[in-house]
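Q: Could you have a look at this structure, given as structure tokens, before my questions?
The values are calculated or read from the model by the stated rules, or taken from the named source; none is laboratory data. Quantities reported herein were computed from a predicted structural model and do not represent experimental measurements. Positions of Cβ are generated from backbone atoms using ideal geometry, with glycine treated the same way; all protein chains shown enter the neighbour counts. Side chains are part of the model used for accessible areas, which takes the heavy atoms of the whole protein and leaves out ligands, DNA and RNA. Shrake-Rupley method; radii C 1.70, N 1.55, O 1.52, S 1.80 Å.
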Amino acid sequence: MGGTLRVVLGDQLSRGLASLQDLDPDADTVLLAEVMAEATYVRHHPKKIALIFSAMRHFAQQLEGEGIAVAYTKLDDPDNAGDLTGEVVRAVTRVAPERVIAVSAQEHRLAQEMQGWSEVCGVPVELRADDRFFCSTDGFEQWARGRKSLRMEFFYREMRRATGFLIEADGQPTGGRWNYDQDNRKAAPDALGTPDRRRFQPDAITREVVDLVRARFGHHFGAVDGFDYAVTAEQAEQAFEAFVRDKLPSFGDYQDAMKVGQPLLFHAQIGAYLNCGLLDPYAVCARAEKAYRDGHAPLNAVEGFIRQILGWREFVRGIYWLKMPGYAQENRLNATRPLPRFFWTGKTDMRCIHEVVEQTRTEAYAHHIQRLMVTGVFALVAGLDPRAVNYWYLVVYADAYEWVELPNVTGMALYADGGVLGSKPYAASGKYIDRMSDYCRHCRYDVKQQTGPDACPFNALYWDFIDRNRDKLEGNPRMSMPYATLKKMQPEKLQALRQQAETFLNSIDYAEEGEW
Ligand code: FAD
Ligand code: DLZ
Ligand code: SF4
């Protein structure tokens, strides 16, 4: 009795967590709880639930191994309260601590709920800031204050200066440039082989979790079969080390490439580990920089990789906390179309979408360009409702958490925030996918045709998007090219493209809200 109850959420599985730093092993108890509310606030991919539950159980085992008292609630515990607040109340009743300490959740919904813990628990509750990010939410607010527009590139440079990653003694960026993105746009050659990622044989804990997930969440989108993720910090480091050894040197060159049957190419697949706490962003960036300094990986690869974590990951988190809760309601392009059923079934003749949905179902993973330029661009040009699109992205990926998913979807993919996160919509015709992948070669549609039964649907949808959003986008200097082309287009041609888009959109089978 007495001591402190330290609550650790399922995405806070870091031994150095702010709430565990001053832990007294002789007096304190750590609470971890598997609860239906967190597993079903959206119907997460079963592999994501398996990752979180197995990693939580392994984390509890690690703490117990250090002699720390752990109160662990399994999902099928008959007394399970069903949500985190209920579990904290139950633990307070059992353990009778003097106070509760937790790190505030990264998701607005749960952070708000945690604010009420003190009142319902009847003991003081201290909520600490999550210091597993390079930039605090206050720091981001200060950076954003007074700026006319918020651009990742400028934020990223400040983060480079603040952390010293890829900065030389004279304060200049390594290699003389801040950003090597121009060098990172190669398509993957036909013969290119990709090394496999590190896979982990499930141990007894994971096997029990996989059975539980199959029984309780088997109806969710996605398969738990073949689960082979890392479930401890040690394994996640091994997975990352294998990436550094085998893939990092080519990460930059093929960052935007896509290939049939090769979901990973040279990407790291570490988002799920970073976001639940198994990997530390600082250690990951430092290791990548070392690979460059040791001559193992070129600068375009290492700068590109570090920019994703030090730049994009921090930037989207900053935007999320700056703009929530209103950001979740943004729909500046007034897009209202429901989600096509093929986002869930993969049943479409569009090879690019089929490929991405199928690998998402089996792997709970797609790489950035697949998310942005295939499903993302389709959602944008077809005018899909941002709420439906956000729901899908939050469900289907093992690394999905609202703080990172929402800005990427609402801001980057859909331009539904009107340009807070990015300076222009990523709208594109089929030409982009054709340039960066071999999907079109395996597709029943013809990427070169704009109208007719065999025309690639992206082509007409693109021009329909440009045309119907003229009043909102024409004034954007970065959109001057498509609007100049549109102006020169014969009215009959534009009419035919609009008709083609309409016929295609009318032919789609749309999913009912709440169906999945
Ligand atoms: P790599 O390409 O190997 O990059 C390394 C790491 O950089 C990633 O693990 C991630 O932590 C970080 N990173 C890269 N790009 C971004 C980005 N745009 N925003 C934030 N971090 C980034 N990422 C998520 O973590 N969760 C999501 O729910 C998510 N939803 C997305 C939705 C859309 C529409 C788009 C366009 C992007 C989304 N991303 C999301 C960002 C990015 O696609 C994933 O982080 C990345 O694909 C994860 O795979 P990886 O670990 O192989 O990444
Ligand atoms: C994602 C997730 C899942 C599936 N299950 C749990 C859980 O049972 N218990 C828990 O503490 N956390 C879980 N999580 C992570 C939370 O949803 C996450 O902490 C919030 O979304 C805030 O980011
Ligand atoms: Fe996708 Fe069009 Fe290429 Fe088919 S032709 S794979 S629909 S971009």
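Q: Name the strands (runs of 3 or more DSSP E) wholly within segment 57-152 that hold at least 3 residues that are within 16 Å of ligand 1 (Cβ to nearest atom), over 20 Å from ASN275 (Cα atoms) and free of Cβ contacts under 8 Å to residues at least 24 places away in the same chain?
A: none
Q: Moving on. Quick check on ASP464: is it open to solvent by less than 60 Å² (accessible area, probe 1.4 Å), part of a helix (DSSP H, G or I) and within 10 Å of ligand 3 (Cβ to nearest atom)?
A: No.
Q: Residues ALA335, ALA328: which one is more than 16 Å from ligand 3 (Cβ to nearest atom) and outside any helix (DSSP H, G or I)?
A: One residue alone meets the criteria, ALA335.
Q: Among the residues of segment 164-206, what is the count of those that are farther than 24 Å from PHE240 by Cβ, surrounded by 13 or more Cβ atoms within 10 Å (Cβ to Cβ) and not assigned by TED's automatic domain parsing to the domain that holds PHE154?
A: Total meeting the criteria: 0.
Q: Residues GLN115, GLN106: which one is within 11 Å of ligand 2 (Cβ to nearest atom), closer than 21 Å to TRP321 by Cβ and modelled with pLDDT of 95 or more?
A: Of the residues listed, the single one that is within 11 Å of ligand 2 (Cβ to nearest atom), closer than 21 Å to TRP321 by Cβ and modelled with pLDDT of 95 or more is GLN106.
Q: Residues of segment 380-438 being β-branched (Val, Ile, Thr) and assigned to a loop (DSSP other than H, G, I, E, B), which ones?
A: VAL420
Q: Quick check, is LEU51 touching a residue at least 60 places away in the same chain (Cβ under 8 Å), within 16 Å of ligand 1 (Cβ to nearest atom) and either out of contact with any Pro (no Cβ under 8 Å at 6 or more places or on another chain) or in the same structural domain as ASN390 (by TED's automatic domain parsing) (or both)?
A: For LEU51, the condition - touching a residue at least 60 places away in the same chain (Cβ under 8 Å), within 16 Å of ligand 1 (Cβ to nearest atom) and either out of contact with any Pro (no Cβ under 8 Å at 6 or more places or on another chain) or in the same structural domain as ASN390 (by TED's automatic domain parsing) (or both) - is met.
Q: Those residues that are open to solvent by 10 Å² or more (accessible area, probe 1.4 Å) and assigned to a helix (DSSP H, G or I), I need them from segment 350-368; list them, please.
A: The answer is ARG351, CYS352, HIS354, GLU355, GLU358, GLN359, ARG361, THR362, GLU363, HIS368.
Q: Still on this structure, I have one more. Has segment 423-430 got at least one residue that is in contact with a Lys or Arg (Cβ under 9 Å, 6 or more places away or on another chain), within 16 Å of ligand 3 (Cβ to nearest atom) and within 22 Å of ASP467 (Cβ to Cβ)?
A: There is at least one residue in segment 423-430 that is in contact with a Lys or Arg (Cβ under 9 Å, 6 or more places away or on another chain), within 16 Å of ligand 3 (Cβ to nearest atom) and within 22 Å of ASP467 (Cβ to Cβ).
Q: Restricting the search to segment 272-296, which residues are within 16 Å of ligand 2 (Cβ to nearest atom) and part of a helix (DSSP H, G or I)?
A: Selection gives ALA272, TYR273, LEU274, ASN275, CYS276, PRO281.
Q: Exactly one condition in (1) crowded, with 24+ Cβ neighbours inside 10 Å; (2) more than 15 Å from ligand 1 (Cβ to nearest atom) is false for LYS347; which is it?
A: (1)
Q: Just the residues that are over 18 Å from VAL302 (Cβ atoms) and either open to solvent by 10 Å² or more (accessible area, probe 1.4 Å) or away from ligand 3 (no atom under 16 Å from the Cβ) (or both), please, taken from segment 257-266.
A: Within segment 257-266, LYS259, VAL260, GLY261, GLN262, PRO263, LEU264 qualify.
Q: Name the residues in segment 123-139 that are aliphatic (A, V, I, L, M) and open to solvent by 30 Å² or more (accessible area, probe 1.4 Å), would you?
A: VAL125, LEU127, ALA129
Q: How many residues does segment 397-437 hold that are near ligand 1 (Cβ under 8 Å from one of its atoms) and in contact with a Cys (Cβ under 6 Å, 6 or more places away or on another chain)?
A: Of the residues in that region, 0 qualify.
Q: Now for a different question. Can you tell me which residue within segment 1-32, out of those that are within 12 Å of ligand 2 (Cβ to nearest atom) and open to solvent by 10 Å² or more (accessible area, probe 1.4 Å), is nearest to the chain's Cα centre (by Cα)?
A: Top of the filtered list is ASP11.
Q: Under the condition of being over 17 Å from PHE378 (Cβ atoms) and polar (S, T, N, Q), which residue from segment 467-501 is most open to solvent (accessible area, probe 1.4 Å)?
A: That would be GLN490.
Q: List pairs: first in segment 435-446 and outside the structural domain of PRO263 (by TED's automatic domain parsing) and more than 7 Å from ligand 3 (Cβ to nearest atom), second part of a helix (DSSP H, G or I) and among the charged types (D, E, K, R), Cβ under 8 Å, 6+ apart or cross-chain?
A: HIS442/ARG351; ARG444/ARG351
Q: Do you know which residues across segment 221-256 are among the small types (Gly, Ala, Ser), assigned to a loop (DSSP other than H, G, I, E, B) and open to solvent by less than 10 Å² (accessible area, probe 1.4 Å)?
A: Matches in segment 221-256: ALA230, GLY252.
Q: Would segment 303-318 turn up any residue that is outside any helix (DSSP H, G or I), open to solvent by less than 30 Å² (accessible area, probe 1.4 Å) and within 13 Å of ligand 1 (Cβ to nearest atom)?
A: No - not one qualifying residue is present in segment 303-318.
Q: Working carefully through the options ASN408, ASN459, find the one that is surrounded by 21 or more Cβ atoms within 10 Å (Cβ to Cβ), outside the structural domain of LEU264 (by TED's automatic domain parsing), over 26 Å from the mean Cα position of the chain (by Cα) and not aromatic (Phe, Trp, Tyr).
A: After ruling out the rest, the residue left standing is ASN459.
Q: Another question, then. What are the residues in segment 259-271 that are within 12 Å of ligand 1 (Cβ to nearest atom) and either part of a strand (DSSP E or B) or not small (Gly, Ala, Ser) (or both), if any?
A: Passing the criteria: PRO263, LEU264, LEU265, PHE266, HIS267, GLN269, ILE270.
This table checks each residue for (1) touching a residue at least 12 places away in the same chain (Cβ under 8 Å); (2) under 30 Å from HIS219 (Cα atoms); (3) out of contact with any strand residue (DSSP E or B) (no Cβ under 9 Å at 6 or more places or on another chain).
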residue: ALA366; (1), (2), (3): yes, yes, yes
residue: ALA382; (1), (2), (3): yes, yes, no
residue: ALA388; (1), (2), (3): yes, yes, no
residue: VAL395; (1), (2), (3): yes, yes, yes
residue: GLU402; (1), (2), (3): yes, yes, yes
residue: ALA427; (1), (2), (3): yes, no, yes
